[in-house]
Amino acid sequence: MLNRISTLVIVLMAHWGASAQECPILSEPFAGSTNVAVNAALNWNNVVGVTGYIVSVGTTPGGTDILNRASVGNATRYTPPLGWPEDTQLHVTITLFFLNNIPEQVCPVGSFTTEDVITAPACTNIVTPLDGATNVNAATPITWAYAPSATGYTITMGLTEGSGDLASEDVGNVLSYSPPSGLPDNAEIFVTVVPYNENGPADNCTFSSYVTGEAATLPGCATLTAPLNGAMNVPLNPTVTWNMVPEASGYRLTIGSSPNTSDILDNAIITANSVNVVNFEPNRTYFSTIIPFNAAGEAIGCTQESFSTIVGCGPFFDDITGELTFLNPDIDFPTEVDICLDQDSRVYTATDQADGFRWYRMGTNGSETLISTTAEVDFPSPGSYRYEAYNILSQDGITIECPTSQIFTVSFSEAPIIEQIGVTEDASGLRFEVRVSGSGDYEFALDDVIGPYQDSAVFRGLQPGSHTVYVRDKGGCGRDEETVIQDITVEGFPKFFTPNGDGVNDYWQFIPSRDTSDNLVAPILIFDRYGTFLAQIEAGSQGWNGLFNGRPLPESNYWFRTRSPEGKKLQGYFLLKR
């Protein structure tokens, strides 16, 4: 099984690299859109099986003069940090990135034209240092938020509001500025950042201020040592390590599945130079930023690094079939399993093809207990279980499992035993209630072993005579004698008959419990409700047809009188239906 899977990986990689995977479609802005906002984000649909996306934007098809190969990981959105140039047709290229030396696939996804900006930008806000912050290291960069439609920024720094005695310059289209060296200690610094474009500067932008601290040395930056920046086939639960910075008292670690997210670790404070990560997904690129810090502040200018995890279990695109392929085993397992207690063994065997198996008993609190690691399992009791089949494969020296699982319930059953059949009368006729014993889920049929079967053990509207009751376990327990049978014969006088000539129930007659002459009643006398004698019939004959002097009698109740073979007087009434 392992060799087969490894071969499949190689075949898929060979075909994948030689042909085209599905390209994404630009959904916002739509290809061909005009008057698009200069701060519009690019959005596209996810392509299953792709490790990551690389975005390029240019003023010509396939160009990169505006944005040159920005990796966004598995994100399907890119927001330009400095906006797009105005009144310009921009061509977007999204490159699909794969692992294991599979060639990238370049996808031209369309173009759009930005708006013609005719107003000055609005003011921005300073991000760091925070307004009113104290004990700020003098070397801390000034950063601010992007102002939509801005093409540049001017900054003034001074010891008094708007003075600019420390710095005053046009810094261009950037979002950060390193202050001049030699800022005074324990001084309040006033900063104003004003965006501008071809239509002029923003109006009435307010200042921000912060207070510097004592002169101190900031720590330097750290870089990944495992996995290395750009590494591929990284395990899903690696120990992430970086070089130790002597001046640092701790590190702020952020890891995300795109450059702008922190869905794995969000600015986590770590005092050592390593951390264990257990929630990586296969076939993904992750982005990491490590910022050492000490009492003087955080390291400045630390760059983001990235690495990619192992290919994993799929899905993989197979260009031969045009389908996505998984390396997980296919399983055919029921959601319910019935175990027969009357069999010699309660062992259940999985029939799926896989490298390994696990069986878990599920607790009420969501916990799981492993009860078997082979294809066979002996269930200790009824309840909820989880079955897992998995394949094992090796990728670049890393062994991983590809599991498929099914949650199911186990019921214990045994062949039914008919204890009693209760017979009563109601308005519709006879009522049979079958009483059984045994641990199982049973179903019932009457007079036909084929069925139909019903869950209810009660049958209504029956006529006297011979009947057969069938009971069987839904799970098939008692396979040698799958269906339990009991005959029951009820003698009596029918409650009604329907002499309409359809050949069904056209005659009224006594029904004996056995078809023998010594079980017959005396001749039966029939009267109307006024006591008028209407007919006499012999037990065992065809019966009364509802005529009197050759005329059909009306629908009504009629009375009968006879004697049992033992001489006991028997009488009652029945209904003639028309």
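FYI, it's all coordinate maths here, none of it is from the lab. Values in this document were obtained by computation on a predicted structure and should not be read as measured data. So basically every Cβ, Gly included, is an ideal-geometry build from the backbone, and we count neighbours across all protein chains shown.
Remarks
- Semi-axis lengths, Å, region 126-211, gyration tensor of Cα atoms, sqrt of 5 times eigenvalues: 22, 12, 11
- The chain - charge dipole about Cα centre, Lys and Arg +1 at Cβ, Asp and Glu -1, debye rounded to 20: 1940
- Helical content alone sets the calculated 222 nm signal of the chain at -1000 deg cm²/dmol, taking -39,500 (n - 2.57) per DSSP H segment of four or more residues and averaging over every residue.
- Annotation: for a label point projected 7 angstrom from Cα along Cα→Cβ of D87, residues of region 110-148 with backbone N closer than 17 Å are 113-121.
- Lys/Arg +1, Asp/Glu -1 at C-beta; the chain dipole; positive extreme among V471, Q105, W144: V471
- Cross-link reach is defined here as a Cα-Cα straight distance under 25 Å, omitting same-chain residues fewer than 8 places apart; for K568 the lysines meeting it are K495.
- The fraction of all Cα pairs in region 78-235 landing in successive 5 Å bins from 0 to the largest distance is 2, 8, 13, 15, 12, 11, 11, 11, 9, 7, 3, 0, given as whole percents.
- Estimated inter-spin distance, L159 and A145, nm [label 7 Å along Cα→Cβ]: 3.3
- The angle separating the long axis of helix 2-18 from the principal Cα axis of greatest extent in the chain is about 60 degrees.
- For V136, distant residues with modelled amide H under 5 Å away: V211, T212, G213
- Cleavage-rule hits (GluC sites (Glu not before Pro)) in region 156-212: DSSP loop, at most 14 neighbouring Cβ within 10 angstrom: E161, E198
- Nearest-0.05 FRET efficiency for L130 and E28, computed from C-beta distance (R0 30 Å): 0.35
- Simple point charges give the picture: +1 on the Cβ of Lys and Arg, -1 on the Cβ of Asp and Glu, and for region 224-308 a dipole about the Cα centre of about 100 debye.
- Taking the three principal axes of the alpha carbon atoms in region 417-490, the coordinate ranges are 37, 20, 18 Å, sorted in descending order.
- Kirkwood-based Rg to Rh ratio, the chain, C-alpha trace: 1.31
- Dipole check for region 126-211: with +1 at the C-beta of Lys and Arg, -1 at the C-beta of Asp and Glu, and the Cα centre as origin, the magnitude is about 180 Debye.
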